[in-house]
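The values are calculated or read from the model by the stated rules, or taken from the named source; none is laboratory data. A quick note: this is a predicted structure, and the numbers were derived from the prediction, not measured. Note that we place each Cβ from the backbone using ideal geometry, even for glycine, and neighbour counts take in every protein chain shown. All accessible areas refer to the heavy atoms of the entire protein, side chains included, with ligands and DNA or RNA removed. Shrake-Rupley method; radii C 1.70, N 1.55, O 1.52, S 1.80 Å.
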Amino acid sequence: MEKVAPQEITCSSRVLNDCIALVDCNNFYASCERVFNPKLQNKPIVVLSNNDGCIVARSNEAKALEIGMGQPFFKYRNVIEKHNVHVFSSNYALYGNMSGRVMATLAQFTPKMEIYSIDEAFLDLCGSDRFHGYNDLVEYAHTLRATVKQWTGIPVSIGIARTKTLAKIANRLAKKSTKVNGVLNLIDSPYMDQALEKVHVGDVWGIGRQSTKWLVGMNINNARQLRDIDDKVISKRMGVVGLRLVYELRGISCLLLETCSSPRKGIISSRSFGRRVESLDDLKESVAAFITNAAAKLRKQNLAARLLTVFLTTNPYSKNDKQYNNSIVIRLPGAINDTAQLLHHATRGTESIFRKGFRYKKAGVMLDNLIPADQAQATLFDDNNIKRNRKLMETIDSVNKKMGSGTLRYATQGSTQPWKGKCGNRSPCYTGNWDELVNVITK
């Protein structure tokens, strides 16, 4: 096996002792819907994207009906009606709250954790089993799995290995195997080769479509063959990134846990409309709602933006509509997180790119060039109301946090918002709205 020059690749100093677990929630969105509605157990469920357009999550029962992931909802309408599949509009407020509960539970089991996505987290389990008095890691992982289920109602699968890439593979196999009961440990496993042979090379974490084509063309079809590839071959084609991936498959940790989240570089807020928008007033109203949402996120993270982009587009797939899309980048006068000021610039931007005679499908805003709000410098032309405006923003955020999003809002956002996306099958936000708590009936 060809060795890599030390300067080309950075590996963990504990390459032989790393013990990483990937905890992944099973069918997360569908599982969230089941937590507060037990009648859905063992029933097929699909969750739709914004505007009820595409299928973005499926329960195992829906997968068994061969309902495709990411496919337009209308393509499977007949199958869904025939098999009484339960359909839900996406409810991200509920999913976000449930994710927070799962991550808080996982944090009880290890001091080092990387939250990788809304339903996945890497855990450093080195020595955790012995510290807590368990016989081995598998027993410890089963306890972790049972605790998450008991405290949150969400089922999870756990893959354990020396590296993050192998933990991903272990988790993937744990989900599919009925023998391992949701936990698979590949550390020093005699079945490692068999496990890697079961994973198609295109399903290895970090391998994209183009790399898959190239690897399959070289008759490298599974993870084991990728692990055993010549270093020079992979390095020449995929560089140090590909080399790190191959080393990870060999059990040498090159991707360390990122326990601190990296600073946010931008915030985007956009939606597809529930119906086509043709008037400037409706378009400005929607952009006002998007910029208000983005500004609230800015202040929540104590950030301020120096660049604002406003964009809009018609439906590129419509053969009957005239096509138009445009955007404008606005350099703000300093770093801003004040909603009123951002509304002013977003409205001017919308007016400048709007063209009459088109039927718009989507609009949005993007805030870039972010810096910490306390590093924002005042200018000679700032008015004397900075402190008052800051206090106003704090009050609005505080009221909306206590009373619910949108309790206090600017009039330019509109009251009825007829352009809003479809969400006819959205479940109540059981965990985030006092008016939507679960009703319990006793007899």
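Numerical summary
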{"read-out": "Checking Asp374 against (1) of a type outside the set (A, V, I, L, M, F, W, C); (2) part of a helix (DSSP H, G or I); (3) over 18 Å from Leu332 (Cβ atoms), the condition it does not meet", "value": "(3)"}
{"read-out": "Yes/no for Glu197 being open to solvent by less than 30 Å² (accessible area, probe 1.4 Å), within 26 Å of Ala174 (Cα to Cα) and acidic (Asp, Glu)", "value": "no"}
{"read-out": "Residue that is farthest from Lys420 (Cα to Cα) [pool: residues in region 40-66 that are among the basic types (Lys, Arg) and in contact with a strand residue (DSSP E or B) (Cβ under 9 Å, 6 or more places away or on another chain)]", "value": "Lys43"}
{"read-out": "Any hit, region 372-383, residues being in contact with a Leu (Cβ under 8 Å, 6 or more places away or on another chain) and more than 16 Å from Thr339 (Cα to Cα)", "value": "yes"}
{"read-out": "Failed item in (1) buried (at least 16 other Cβ atoms within 10 Å of the Cβ); (2) at pLDDT 90 or above, with Gly421 passing the rest", "value": "(2)"}
{"read-out": "So Ser90, is it of a type outside the set (Val, Ile, Thr), closer than 28 Å to Asn293 by Cβ and surrounded by fewer than 21 Cβ atoms within 10 Å (Cβ to Cβ)", "value": "no"}
{"read-out": "Scan of region 59-84 for residues that are part of a helix (DSSP H, G or I) and hydroxyl-bearing (Ser, Thr, Tyr), ordered by number", "value": "Tyr76"}
{"read-out": "Any hit, region 263-285, residues being open to solvent by 30 Å² or more (accessible area, probe 1.4 Å), at pLDDT 90 or above and closer than 30 Å to Thr110 by Cβ", "value": "no"}
{"read-out": "Subset of region 101-131 [open to solvent by 30 Å² or more (accessible area, probe 1.4 Å), part of a helix (DSSP H, G or I) and modelled with pLDDT under 95]", "value": "Arg130, Phe131"}
{"read-out": "From Ser269, Ser262, residue being without any contact (Cβ under 8 Å) to a residue 12 or more places away in the chain and farther than 23 Å from Asn26 by Cβ", "value": "Ser262"}
{"read-out": "Some residue of region 384-401 being within 21 Å of Val310 (Cβ to Cβ) and open to solvent by 40 Å² or more (accessible area, probe 1.4 Å)", "value": "no"}
{"read-out": "Complete set of residues in region 308-350 that are within 27 Å of the chain's Cα centre (by Cα), under 26 Å from Gln375 (Cα atoms) and loosely packed, with under 15 Cβ neighbours inside 10 Å", "value": "Val329"}
{"read-out": "Failed criterion for Val47 (all others in (1) over 21 Å from Tyr92 (Cα atoms); (2) assigned to a strand (DSSP E or B) hold)", "value": "(1)"}
{"read-out": "Counted residues, region 137-172 - those being farther than 22 Å from Met98 by Cβ and part of a loop (DSSP other than H, G, I, E, B)", "value": "2"}
{"read-out": "Extreme residue, nearest to Glu120 (Cα to Cα), among residues of region 156-194 that are within 27 Å of the chain's Cα centre (by Cα) and surrounded by fewer than 16 Cβ atoms within 10 Å (Cβ to Cβ)", "value": "Lys176"}
{"read-out": "Contacts under 8 angstrom Cβ, first residue in region 197-217 being closer than 14 Å to Met238 by Cβ and in contact (Cβ under 8 Å) with a residue 24 or more places away in the chain, partner open to solvent by less than 40 Å² (accessible area, probe 1.4 Å) and part of a loop (DSSP other than H, G, I, E, B), 6 or more apart", "value": "Val201/Ile207; Val201/Ile220"}
{"read-out": "Residues satisfying the stated conditions in region 290-307, i.e. touching a Leu at 6+ places or on another chain (Cβ under 9 Å) and open to solvent by 10 Å² or more (accessible area, probe 1.4 Å)", "value": "Thr292, Lys297, Gln301, Leu303, Arg306, Leu307"}
